[in-house]
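Undergrad: Before I ask anything, here is the structure I am working with.
The values are calculated or read from the model by the stated rules, or taken from the named source; none is laboratory data. The model shown is predicted, which means the values in this text are computed figures rather than measured ones. Counting neighbours? That spans all protein chains shown, and the Cβs are built from the backbone with ideal geometry, glycine included. Areas reflect the complete protein model, heavy atoms only, side chains present, ligands, DNA and RNA absent. Shrake-Rupley method; radii C 1.70, N 1.55, O 1.52, S 1.80 Å.
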Amino acid sequence: MRQRWRGSESEERAAAGRVGLVQAGLLIVLIVVVSQLWLLTVGLEELLAGHYAALGSLVALSAAAFLVALFVFKLVQRER
Amino acid sequence: MAKMPYHEQDFPYRRTLDALVTRREYLHLLTLTSLGLFLGTVAVGVQALRGRPASYAEQPIPDASRLAVGEALNFEYPTADDPAILVHLSGGNFVAYSQRCTHLACAVYWDRRRGMLACPCHEGFFDVQTGHVIAGPPPRPLPRIQLRNEAGTWYATGVQV
């Protein structure tokens, strides 16, 4: 029978914590991506309707969303 | 050593390889998707900056003054690639709209019997007084062309979206 390697209890807890961190990061970035998809849809609709006033705000919001995603990604990459 | 199943000799597929995409790799992929969506939104903004005309040139509409009440006339405005329609509603009351349906850009026509602008492709109808959608799939009103009358000649002066 295959023996599973078991480290010390603190190592196991740390590994479990990292998994949780990655999963949380994944969920946050997924929400960010869905929001950005919505922003892009609204932007296209505004462009086609000829309403240009809101487009600047939409680009800024999308940039902020990307920065959040990038921050989460970097945070997760750091915690290896 | 266990004997390898016959099908695996021909197709050495290892099921465990499926699990090689880790959560971190998914996160990487999602972050790249986020970058792509941001760039897409920027592209929409840039397109809006490029597409917005600084001003519209005033152009005369030939034969508009000879249009009878209840009749319509097709013309082009603001460029030769932009079909438009002018309708004479009542004595001296003219309206003009872009002829491109806001649904899928079919050419709308003046349905005199119904008193509406109609899109034949998907049965979209627009109010001729305002350009607003009355029925059908179009999501937005027709862009209205602003008109001016000077010495009996009608001029298109701008587009109001």
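Undergrad: Would you be able to say whether some residue in segment B:128-135 is open to solvent by 30 Å² or more (accessible area, probe 1.4 Å), of a type in the set (S, T, N, Q) and part of a loop (DSSP other than H, G, I, E, B)?
TA: Initial filter on segment B:128-135 (open to solvent by 30 Å² or more (accessible area, probe 1.4 Å)): B:129-130, B:132-135.
Restricting the remaining residues to those that are of a type in the set (S, T, N, Q) gives B:129-130.
Imposing the further condition that a residue be part of a loop (DSSP other than H, G, I, E, B) reduces the set to B:129-130.
Yes: one or more hits.
Undergrad: Out of all the residues in segment B:104-127, which are farther than 20 Å from B:PRO78 by Cα, open to solvent by less than 50 Å² (accessible area, probe 1.4 Å) and not in a strand (DSSP E or B)?
TA: Passing the criteria: only B:GLY115.
Undergrad: Within segment B:56-70, take every residue that is touching a residue at least 24 places away in the same chain (Cβ under 8 Å) and in a loop (DSSP other than H, G, I, E, B) and give me the one that is surrounded by the fewest Cβ atoms within 10 Å (Cβ to Cβ).
TA: B:GLY70
Undergrad: Say we look at segment B:82-97 and pick out the residues that are under 17 Å from B:LEU142 (Cα atoms) and among the small types (Gly, Ala, Ser); which of these is nearest to the chain's Cα centre (by Cα)?
TA: Top of the filtered list is B:ALA84.
Undergrad: Which residue out of A:VAL68, A:VAL29, A:VAL59, A:VAL22 is touching a Lys or Arg at 6+ places or on another chain (Cβ under 8 Å), of a type in the set (A, V, I, L, M, F, W, C) and either surrounded by 18 or more Cβ atoms within 10 Å (Cβ to Cβ) or over 27 Å from B:HIS103 (Cβ atoms) (or both)?
TA: A:VAL22
Undergrad: If I ask for residues that are in a loop (DSSP other than H, G, I, E, B) and closer than 18 Å to B:VAL159 by Cα, which ones from segment B:87-102 would you list?
TA: Matches in segment B:87-102: B:GLN99, B:CYS101, B:THR102.
Undergrad: Filtering segment B:37-54 down to residues that are part of a loop (DSSP other than H, G, I, E, B) and free of Cβ contacts under 8 Å to residues at least 24 places away in the same chain, which residue is surrounded by the most Cβ atoms within 10 Å (Cβ to Cβ)?
TA: It comes out as B:ARG52.
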